[in-house]
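I'd like to ask some things about the structure below.
The values are calculated or read from the model by the stated rules, or taken from the named source; none is laboratory data. For clarity, every value in this text was computed on a predicted model and none was experimentally measured. We place every Cβ from the backbone using ideal geometry, glycine too, and count neighbours over all the protein chains shown. Each accessible area value is taken on the protein alone, full model and side chains, heavy atoms only, with ligands, DNA and RNA left out. Shrake-Rupley method; radii C 1.70, N 1.55, O 1.52, S 1.80 Å.
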Amino acid sequence: MFSDLAAPAPGLVRLSAAARRAIETEAVRADANLETGGVLLGHDLGAEILVSVAGGPGPGAVHQARRFDRDTLYASKLADEAWYRDRSQWIGEWHTHRTSSLMPSQVDLSTYRAHLRQGNIGPSAFLSLLVRSRGQNCSMVGWAVTQSSLERITILS
């Protein structure tokens with residue numbers, strides 16, 4: 001409970017070129033009326049997070065107008081491969097918001113905080129990247145979520 005007080009949320013996320021491309025490609029390709037997303041893998045360095053891999057939804061994902069559930073088997077396979085390659089950990093998720101703001105919903109926050117409580121994620125903060133595509137253009141907002149806070153963070157590529 002007190003770990004959130006001792007470790008401030010990161011203020012910066014650095015996306016690899018491959019991770020940004022993967023997110024933008026999937027966001028533009030996806031059905032404009034349904035959410036999509038995927039897992040984020042990389043390294044939490046405290047003040048900043050490095051994202052080396054942004055996975056897609058996977059073949060078993062559930063896409064709805066206001067909800068997205070990633071394919072957990074597909075995400076686990078990506079996470080295992082990234083761990084063996086460079087010790088990347090699961091640090092968060094990205095998903096599209098088609099009509100609402102690029103701010104985590106209450107459902108999003110509950111899900112992220114459950115992952116943190118269960119110890120399913122490497123860092124002390126859950127990284128959420130929310131994406132909206134309009135034609136070929138994507139906008140993206142980053143959030144660091146802890147049990148007690150939600151902070152917007154800067155995204156660099």
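For the structure I just gave you, tell me whether TYR84 is open to solvent by less than 10 Å² (accessible area, probe 1.4 Å), hydroxyl-bearing (Ser, Thr, Tyr) and in a helix (DSSP H, G or I). Give the derivation first.
On the way: open to solvent by less than 10 Å² (accessible area, probe 1.4 Å): no; hydroxyl-bearing (Ser, Thr, Tyr): yes; in a helix (DSSP H, G or I): yes.
No, not satisfied.
Residues in the stretch 89-109 that are assigned to a helix (DSSP H, G or I) and either under 19 Å from ALA75 (Cβ atoms) or aromatic (Phe, Trp, Tyr) (or both): how many? Walk me through how you get there before you give the answer.
Taking the stretch 89-109 first, the residues assigned to a helix (DSSP H, G or I) are 106-109.
In the following step, the residues that additionally are either under 19 Å from ALA75 (Cβ atoms) or aromatic (Phe, Trp, Tyr) (or both) were identified as 107-108.
The qualifying residues number 2.
Is it fair to say SER101 is hydroxyl-bearing (Ser, Thr, Tyr) and open to solvent by 20 Å² or more (accessible area, probe 1.4 Å)? Show your work before the answer.
On the way: hydroxyl-bearing (Ser, Thr, Tyr): yes; open to solvent by 20 Å² or more (accessible area, probe 1.4 Å): yes.
So SER101 passes the test.
Let me ask another. Among residues belonging to the stretch 136-148 that are out of contact with any helix residue (DSSP H, G or I) (no Cβ under 8 Å at 6 or more places or on another chain), open to solvent by 20 Å² or more (accessible area, probe 1.4 Å) and not hydrophobic (A, V, I, L, M, F, W, C), point out the one that is modelled with the lowest pLDDT. Walk me through how you get there before you give the answer.
Residues of the stretch 136-148 out of contact with any helix residue (DSSP H, G or I) (no Cβ under 8 Å at 6 or more places or on another chain): 137, 139, 141-144.
Narrowing further to those that are open to solvent by 20 Å² or more (accessible area, probe 1.4 Å): 137, 139, 143.
Imposing the further condition that a residue be not hydrophobic (A, V, I, L, M, F, W, C) reduces the set to 137, 139.
Numbers: ASN137: 85, SER139: 91.
It comes out as ASN137.
Counting just the residues of the stretch 89-98 that are more than 13 Å from ILE23 (Cβ to Cβ) and touching a Gly at 6+ places or on another chain (Cβ under 8 Å), which one comes out most open to solvent (accessible area, probe 1.4 Å)?
So, considering only residues that are more than 13 Å from ILE23 (Cβ to Cβ) and touching a Gly at 6+ places or on another chain (Cβ under 8 Å), the one most open to solvent (accessible area, probe 1.4 Å) is GLN89.
So if I check each of SER139, SER148, which one is among the small types (Gly, Ala, Ser) and in a loop (DSSP other than H, G, I, E, B)?
Numbers: SER139 fails: in a loop (DSSP other than H, G, I, E, B).
Exactly one of SER139, SER148 is among the small types (Gly, Ala, Ser) and in a loop (DSSP other than H, G, I, E, B), namely SER148.
Please report, ordered by residue number, the strands (runs of 3 or more DSSP E) entirely within the stretch 3-79 with at least 1 residues that are within 21 Å of VAL145 (Cα to Cα) and open to solvent by 50 Å² or more (accessible area, probe 1.4 Å). Can you show your working first?
Working: elements: 12-15, 37-44, 48-54, 62-64, 67-69.
So the answer is 12-15, 37-44, 48-54, 67-69.
For the stretch 124-132, state whether one or more residues are touching a residue at least 24 places away in the same chain (Cβ under 8 Å) and open to solvent by 70 Å² or more (accessible area, probe 1.4 Å).
Within the stretch 124-132, none of the residues are touching a residue at least 24 places away in the same chain (Cβ under 8 Å) and open to solvent by 70 Å² or more (accessible area, probe 1.4 Å).
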